[in-house]
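Everything below concerns the one structure shown next.
The values are calculated or read from the model by the stated rules, or taken from the named source; none is laboratory data. Small disclaimer: the values here were computed from a predicted structure and weren't measured. Reconstructed Cβ throughout: ideal geometry from the backbone, glycine too, with neighbour counts over all protein chains shown.
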Ligand SMILES: [Cu+2]
């Protein structure tokens with residue numbers, strides 16, 4: 001074997017070692033949403049954003065949500081507790097690659113708290129979803145003609161027991 005062919009054999013061996021490692025590199029997920037809409041709202045009140053969200057290509061975790069129109073935002077789940085509707089934060093939310101969550105009234109939703117301004121018809125509200133792998137992704141939610149949520153303070157369990165039931 002010449003020095004040159006030894007070097008070439010070394011290069012091929014390196015390539016063969018490298019190839020499967022490349023194939024196993026963690027993929028970045030891709031986030032798609034469908035049917036986005038947000039409730040209209042008044043200054044200081046609450047609103048909620050809904051959509052069908054799909055995580056593609058790789059497992060990921062939704063760490064947080066935010067919107068410039070709200071002082072605070074959180075991914076919530078509504079559940080029925082003996083006839084009383086309760087909401088709790090469900091962050092972080094894990095997604096298997098290819099999985100979808102349908103956000104709708106009475107279920108999972110993006111809660112927008114203490115609105116900085118009114119949300120009126122014919123506008124689109126930006127909502128940013130921050131994922132562990134995909135990073136922050138922003139989508140625009142059109143305001144729908146649905147009665148705004150009441151301006152009253154949310155019930156104590158809403159604010160205090162973020163991870164309770
Ligand atoms: Cu909520």
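Among the residues making up region 53-64, a single one is more than 22 Å from residue 88 (Cβ to Cβ) and under 10 Å from the mean Cα position of the chain (by Cα): 54. Entry remark, region 141-165: residues being over 15 Å from residue 73 (Cβ atoms) and modelled with pLDDT of 95 or more number 2 in total.
Residues checked against (1) within 14 Å of residue 126 (Cα to Cα); (2) surrounded by fewer than 16 Cβ atoms within 10 Å (Cβ to Cβ); (3) touching a helix residue (DSSP H, G or I) at 6+ places or on another chain (Cβ under 6 Å); (4) modelled with pLDDT of 95 or more:
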residue: 18; (1), (2), (3), (4): no, yes, no, no
residue: 24; (1), (2), (3), (4): no, yes, no, no
residue: 33; (1), (2), (3), (4): yes, no, no, yes
residue: 36; (1), (2), (3), (4): yes, no, no, yes
residue: 43; (1), (2), (3), (4): no, yes, no, yes
residue: 50; (1), (2), (3), (4): yes, no, no, yes
residue: 53; (1), (2), (3), (4): no, no, no, yes
residue: 57; (1), (2), (3), (4): no, yes, no, no
residue: 62; (1), (2), (3), (4): no, no, no, yes
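Once region 33-52 is narrowed to residues that are within 14 Å of the chain's Cα centre (by Cα) and away from the ligand (no atom under 16 Å from the Cβ), the residue that is nearest to residue 112 (Cα to Cα) is 36. Each residue in region 54-111 was checked for being touching a residue at least 12 places away in the same chain (Cβ under 8 Å), touching a strand residue (DSSP E or B) at 6+ places or on another chain (Cβ under 9 Å) and within 16 Å of the ligand (Cβ to nearest atom), and 35 pass.
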